[in-house]
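These notes concern the structure reproduced below.
The values are calculated or read from the model by the stated rules, or taken from the named source; none is laboratory data. Quick caveat, the model's predicted, so the values are computed rather than measured. Cβ: placed from backbone, ideal geometry, glycine included. Neighbour counts: every protein chain shown. Only protein heavy atoms, including side chains, enter the accessible area calculation; ligands, DNA and RNA are left aside. Shrake-Rupley method; radii C 1.70, N 1.55, O 1.52, S 1.80 Å.
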Amino acid sequence: MIKPFRITLGHVVFIVALVALWEFLGARGVIDPTFAGRPSGIASYLWRGFITDRNLWNDLSYTIAAAAIAFVGGSLTAILAGLLFTMLPGLHRACEPYLSLLNAMPRIALVPLFLLWFGLGIGSKIAVAISLTFFIVLAATVAGIRGVNSDHLVLSRALGASPGQIFFKVTLPSAVPVIFSGLRLGLVYALLGVVGAELIAAEHGLGQVLAYLQSTFDMDGVMALLLLLALLGLSITVAMNWLEKKLLVWQ
Amino acid sequence: MSRPAVAPGAQIAGLAHAPPAAVDLPPSIAIHDLTMRFGAGTAGAVLAVDNVSLSLAPGEFVSLVGPSGCGKTTILNLLTGLLKDEAEGDVRVLGKPPHEGNPDIAYMLARDSLLPWRTALDNAAFGMEVRGLPKRERDSRARDLLQQVGLGDFADKFPKALSHGMRQRCALARTFALDSPVLLMDEPFGALDAQTKLTLEDLLMQLWSAHRKTVVFVTHDLAEAIALSDRVIVMSARPGRIVADVPIDLPRPRDVRKLQTDHRFHDLYARLWRLLEQGASAHD
Ligand SMILES: Nc1ncnc2c1ncn2[C@@H]1O[C@H](COP(=O)(O)OP(=O)(O)OP(=O)(O)O)[C@@H](O)[C@H]1O
Ligand SMILES: [Mg+2]
């Protein structure tokens with residue numbers, strides 16, 4: 001067995017070597033820094049952005065705030081809609097074709113429309129992100145509630161559980177894992193929606209910064225932003241995994 | 001009570017062996033001319049149960065055997081009131097017509113149907129919880145029952161950490177934690193391996209002797225039916241009719257493992273097997 005410490009050490013050595021090689025080849029002109037940036041340039045961009053000029057903090061918080069608002073709003077409405085649909089299957093059948101149509105649409109195409117409606121502020125990107133998160137969490141909620149084990153229902157009914165007891169003690173807990181995987185995906189897509197909308201047009205946000213850097217051919221900045229977004233996505237996944245472990249010990 | 005005096009120790013055997021009519025208490029379960037047709041009046045109507053009459057004395061253990069699809073589960077579901085479809089005939093549980101959530105009835109299914117997000121203790125307490133017992137009372141009772149089924153050290157474990165047999169023990173605890181006098185069991189040990197099954201049958205016999213419930217036990221396993229029951233009801237292939245009502249006059253208390261080598265046990269097995277075969281071929 002390889003010890004975890006050795007594995008971590010291996011990764012660190014690999015990354016350091018890769019960065020050094022990149023820097024070296026960049027300095028020798030083998031890799032053109034105009035198209036690929038250079039590790040030292042990326043680092044100094046981040047240093048300026050977060051430590052000396054501190055301008056990135058503002059954009060980072062706009063992006064995170066928009067994603068968080070969209071995630072919470074979209075998930076809550078989706079879960080409520082999912083509950084309503086499972087209680088009123090007729091309503092669900094009636095809404096199904098329209099929901100499918102909306103869900104089939106490439107949501108990023110809504111950005112121009114939302115920009116006209118909500119302007120360049122935070123509203124547009126929240127709307128785009130919600131349009132993604134909502135459908136994902138809705139589908140998960142409906143699937144989770146439908147997926148309840150019928151043996152559990154038969155048994156609860158035979159033992160005399162009321163419909164309310166069955167819902168809160170059996171149906172809902174059994175749907176939690178499925179809803180949770182919907183939430184995890186919904187959060188990733190909320191970030192995608194926000195950054196996508198910012199790329200097209202926005203006052204603030206990492207996506208807007210990225211679009212600006214790209215238009216001025218600042219390749220170190222572009223690479224730095226990509227790194228930042230990757231880390232942001234990664235921390236979301238890690239946080240959700242941690243939460244899932246806490247929440248679903250029984251799995 | 002007007003029951004004639006019997007020697008101590010003989011009483012349980014006496015009650016168990018007497019045919020229901022000879023017992024002076026009113027029957028726990030009385031089914032009279034029951035006929036059940038699924039989708040009655042439609043083209044695809046299925047006659048599931050045909051003219052079944054059956055009566056169980058209080059504390060009696062009766063097994064229902066018969067080919068798959070002969071209506072065993074249907075009869076249990078009619079007794080619990082889970083099936084709302086029109087059935088002809090008269091069904092009474094402790095003198096009352098069936099209704100869903102009848103507190104006189106405890107029900108146990110083939111699959112353990114433990115709730116995976118609850119610990120063994122909370123699963124054992126589930127039935128009492130939906131019936132509104134206060135938390136302290138149900139917890140202490142659930143703990144007591146887990147002890148009785150040999151899961152005392154596993155109270156805080158989730159079902160995923162329990163073996164098949166242990167899960168079914170936990171389901172037994174949940175069932176016997178209810179003070180319902182009537183117990184309906186639908187192939188509760190059907191999914192277990194032979195050895196685990198014998199252990200759990202023994203456990204069921206212990207619990208039953210201690211709690212004295214009226215039991216309808218559905219099974220595919222003739223050996224199991226003989227080992228546990230006072231009577232075995234043999235049903236025919238669909239539509240389910242009763243083809244035989246065989247008293248099992250093996251002495252109690254029984255040791256399920258010892259019975260496996262008892263010649264009376266094997267004679268009964270052979271007899272029931274023939275009856276089952278005749279019933280199975282009667283209709284197809
Ligand atoms: N809800 C239902 N609607 C229509 N037909 C049904 C329904 N439930 C059961 N049946 C039919 O009634 C018959 C009896 O079913 P039941 O489940 O009672 O059989 P069973 O004796 O329990 O069989 P098994 O031993 O396989 O569990 C079967 O032919 C089945 O197809
Ligand atoms: Mg069945």
* Residues satisfying the stated conditions in the range B:121-149, i.e. of a type in the set (Lys, Arg) and farther than 19 Å from B:LEU203 by Cβ -> B:ARG131, B:LYS135, B:ARG136, B:ARG138
* Asked: For the range A:87-114, what are the residues that are open to solvent by less than 40 Å² (accessible area, probe 1.4 Å) and touching a residue at least 60 places away in the same chain (Cβ under 8 Å)?
  -> A:ARG107, A:VAL111, A:PHE114
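Could you pull out the residue among B:VAL52, B:VAL62 that is away from chain A (no Cβ under 14 Å), more than 14 Å from ligand 2 (Cβ to nearest atom) and within 14 Å of the chain's Cα centre (by Cα)?
Numbers: B:VAL52 fails: within 14 Å of the chain's Cα centre (by Cα).
Testing whether each residue is away from chain A (no Cβ under 14 Å), more than 14 Å from ligand 2 (Cβ to nearest atom) and within 14 Å of the chain's Cα centre (by Cα) leaves just B:VAL62.
State whether the residues of the range B:180-188 include one that is hydroxyl-bearing (Ser, Thr, Tyr) and open to solvent by 10 Å² or more (accessible area, probe 1.4 Å). Steps first, answer last, please.
Of all residues in the range B:180-188, those hydroxyl-bearing (Ser, Thr, Tyr) come to B:180.
Subset that is open to solvent by 10 Å² or more (accessible area, probe 1.4 Å): none.
No, every residue in the range B:180-188 fails to be hydroxyl-bearing (Ser, Thr, Tyr) and open to solvent by 10 Å² or more (accessible area, probe 1.4 Å).
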* Asked: From the set of residues in the range A:173-227 that are open to solvent by 40 Å² or more (accessible area, probe 1.4 Å) and among the aromatic types (Phe, Trp, Tyr), which is nearest to A:ALA129 (Cα to Cα)?
  -> A:TYR189
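Taking the options B:GLN195, B:GLN168, name whichever one is open to solvent by 30 Å² or more (accessible area, probe 1.4 Å), more than 12 Å from chain A (Cβ to nearest Cβ) and not basic (Lys, Arg).
Working: B:GLN168 fails: open to solvent by 30 Å² or more (accessible area, probe 1.4 Å).
From the options B:GLN195, B:GLN168, the qualifying one is B:GLN195.
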* Residues satisfying the stated conditions in the range B:5-54, i.e. modelled with pLDDT under 80, more than 16 Å from ligand 1 (Cβ to nearest atom) and among the small types (Gly, Ala, Ser) -> B:ALA5, B:ALA7, B:GLY9, B:ALA10, B:ALA13, B:GLY14, B:ALA16, B:ALA18, B:ALA21, B:ALA22
* **Hits in the range B:180-204 - residues which are modelled with pLDDT of 90 or more and not in a helix (DSSP H, G or I)** => B:SER180, B:PRO181, B:VAL182, B:LEU183, B:LEU184, B:MET185, B:ASP186, B:GLU187, B:PRO188, B:PHE189
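Which residue out of A:ILE69, A:ILE79 is open to solvent by 40 Å² or more (accessible area, probe 1.4 Å), touching a residue at least 60 places away in the same chain (Cβ under 8 Å) and not acidic (Asp, Glu)? Even if it seems obvious, please write down each step before you answer.
Values: A:ILE69 fails: touching a residue at least 60 places away in the same chain (Cβ under 8 Å).
Result: A:ILE79 is the single residue among A:ILE69, A:ILE79 that is open to solvent by 40 Å² or more (accessible area, probe 1.4 Å), touching a residue at least 60 places away in the same chain (Cβ under 8 Å) and not acidic (Asp, Glu).
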* Under the condition of being more than 14 Å from every other protein chain (Cβ to nearest Cβ), within 8 Å of ligand 1 (Cβ to nearest atom) and open to solvent by less than 40 Å² (accessible area, probe 1.4 Å), which residue from the range B:65-74 is nearest to B:VAL215 (Cα to Cα)? -> B:LYS72
* Structure fact -> Exception for B:LEU78 within (1) away from chain A (no Cβ under 11 Å); (2) free of Cβ contacts under 8 Å to residues at least 12 places away in the same chain falls at (2)
* Single residue of the range B:81-115 satisfying the filter (in contact with a helix residue (DSSP H, G or I) (Cβ under 6 Å, 6 or more places away or on another chain) and of a type in the set (Gly, Ala, Ser)) that is surrounded by the most Cβ atoms within 10 Å (Cβ to Cβ) -> B:ALA106
* Asked: Filtering the range A:129-161 down to residues that are in a loop (DSSP other than H, G, I, E, B) and open to solvent by 50 Å² or more (accessible area, probe 1.4 Å), which residue is nearest to the other protein chains (Cβ to nearest Cβ)?
  -> A:ASN149
